[in-house]
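I am attaching a structure below and will ask some questions about it afterwards.
The values are calculated or read from the model by the stated rules, or taken from the named source; none is laboratory data. The structure presented is a predicted model; accordingly, all values stated were derived computationally and were not measured. Here the Cβ positions follow ideal geometry from the backbone for every residue, glycine too, while neighbour counts run over all protein chains shown. When the accessible area is computed, the model is the full protein with side chains, heavy atoms only, and any ligands, DNA or RNA have been set aside. Shrake-Rupley method; radii C 1.70, N 1.55, O 1.52, S 1.80 Å.
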Amino acid sequence: MKETPLSNCERRFLLRAIEERKRLDGRQSYDYRNVRISFGADYGCCIVELGRTRVLGQVSCELVSPKLNRATEGILFFNLELSPMAAPAFEPGRQPELLVKLNRLLERCLRNSKCIDTESLCVVAGVKVWQIRVDLHLLNHDGNIIDAASIAAIVALCHFRRPDVSVQGEEVTLYTPEERDPVPLSIHHMPICVSFAFFQQGLHLTIVSYSTMVQDLLLVDPSEREERVMDGLYGGIMLLKDQVLRCSKITGVKVAEITELIQKALENDRKVRKEGGKFGFAESIPNQKISAFKMERAPVDTNDVEEQAEEIITKADPPSDVVAKPILRMPGTAQIGEGLENSWGDFEESEREEEEEGNSDDATTSGGQKMETEEINIVNDDTIILSDSEEEEVVILEPEETHKKTRTHITAKQENSSKKAFNKKRKKKRATH
């Protein structure tokens, strides 16, 4: 899978920002990204993080026969792997040109610099020597692989311990770490690569007060996007003598800072292992938690809290001597002190009124029903049914005067309701005929 190419707009934007001495991550031109080193549980295992670029380093050893032309020297072997986990552009099973260049640079940096005493790796001259193998795995690619790989390689070599051996005649005895303490490698110095990115052949013309100035257009520790727009990758451009000298001065400063960081990390790991504390990748990786409404811890001084509380109490005004008396608003309720009025009494009154209204309605309805039954009885007494046939006529006689007297006690609404009921019945009878 090929990497996604940069568009023309992105390329112009990056070059314009670099000309104005600006970088996307906010660094200055000669600033390095943060370097973080963590060690594994075993000796010779480490992870180096250069910004978002992560490299895993692992050192191993074994007893082998030496080379014929170097019978008293050990063997060093370096191997860098670019897995698809680091970037989609790295395909498994294939060696891109970039990987070949990186392996050659590592060999030049670590083997040809004679940083490790290879003669100390000889066990029996011409028979047995130690072969030290350094495996580097790129875990995440965000630019400047060679710098992260060189730091990981030298840190893993400094952290590595080989088993102790003893020679008696032609017999070579190999001791386990429980029997004898492992032996560290003999390292003379720490070679570290520092990468520079040049743009427009490293020269940039600027106009200052009607005069032109030539400035070096270069960056230290380029990121992945900056590597795409720079002139050449790991060589391939012509530089002036002054530019090379300028880069060497910057490199001396950066290497001194990184070397000090490596020594501090090794010393801290040595102390932790000696004291029997927790070590390894699981302990070195910080817990990253995402929480909403996160507040920074404010330092609170809890000393002399009782004395401060007593001072506040003494300075405060004394409490009032007025004692609140209970106020009886209505039976069953009470109010102590000042404040809002109690509304429970109002609710009880409203409930009582509703109950009284309900009782009065029930009484009126029951009275109305009684009167209606009386009227119906009267009407039934006055009606004369001639026959049960469908053609019969119903004759309703007028009630007597005695019944009028009883009706004087009935309300006007009840009379109207009874008349309507009679009219409805009359209409139904007529409809049936």
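Among (1) in contact with a Leu (Cβ under 9 Å, 6 or more places away or on another chain); (2) open to solvent by 20 Å² or more (accessible area, probe 1.4 Å); (3) under 20 Å from residue 182 (Cα atoms); (4) not hydrophobic (A, V, I, L, M, F, W, C), which single condition is residue 36 missing?
(3)
Suppose we filter 64, 48, 59, 55 for residues that are in contact (Cβ under 8 Å) with a residue 60 or more places away in the chain and either farther than 18 Å from residue 135 by Cβ or touching a Phe, Trp or Tyr at 6+ places or on another chain (Cβ under 6 Å) (or both); which single one remains?
Result of the check over 64, 48, 59, 55: 59.
Residues that are assigned to a helix (DSSP H, G or I), modelled with pLDDT of 90 or more and surrounded by 14 or more Cβ atoms within 10 Å (Cβ to Cβ): does segment 123-144 have at least one?
For segment 123-144, residues assigned to a helix (DSSP H, G or I), modelled with pLDDT of 90 or more and surrounded by 14 or more Cβ atoms within 10 Å (Cβ to Cβ): absent.
Moving on to the next point. So which pairs qualify, if the first residue must be in segment 123-134 and in contact (Cβ under 8 Å) with a residue 12 or more places away in the chain, the second must be among the small types (Gly, Ala, Ser) and part of a loop (DSSP other than H, G, I, E, B), the Cβ gap must be under 6 Å, and the two must be at least 6 apart or on different chains?
That search, which allows pairs on different chains as well, returns 125/71; 126/71; 129/74; 130/74.
Right, something else. Do you know which residues across segment 11-40 are touching a residue at least 24 places away in the same chain (Cβ under 8 Å) and more than 28 Å from the chain's Cα centre (by Cα)?
Within segment 11-40, 11, 14, 15, 18, 19, 29, 30 qualify.
If we scan segment 237-254, do we find a residue that is surrounded by 16 or more Cβ atoms within 10 Å (Cβ to Cβ) and closer than 18 Å to residue 36 by Cβ?
Yes, there is a match, as at least one residue in segment 237-254 is surrounded by 16 or more Cβ atoms within 10 Å (Cβ to Cβ) and closer than 18 Å to residue 36 by Cβ.
Find the residue count for segment 87-120, including only residues that are over 27 Å from residue 183 (Cα atoms) and free of Cβ contacts under 8 Å to residues at least 60 places away in the same chain.
Of the residues in that region, 11 qualify.
Next up: Looking only at segment 88-99, count how many residues are open to solvent by 50 Å² or more (accessible area, probe 1.4 Å) and either at pLDDT 90 or above or of a type outside the set (D, E, K, R) (or both).
5
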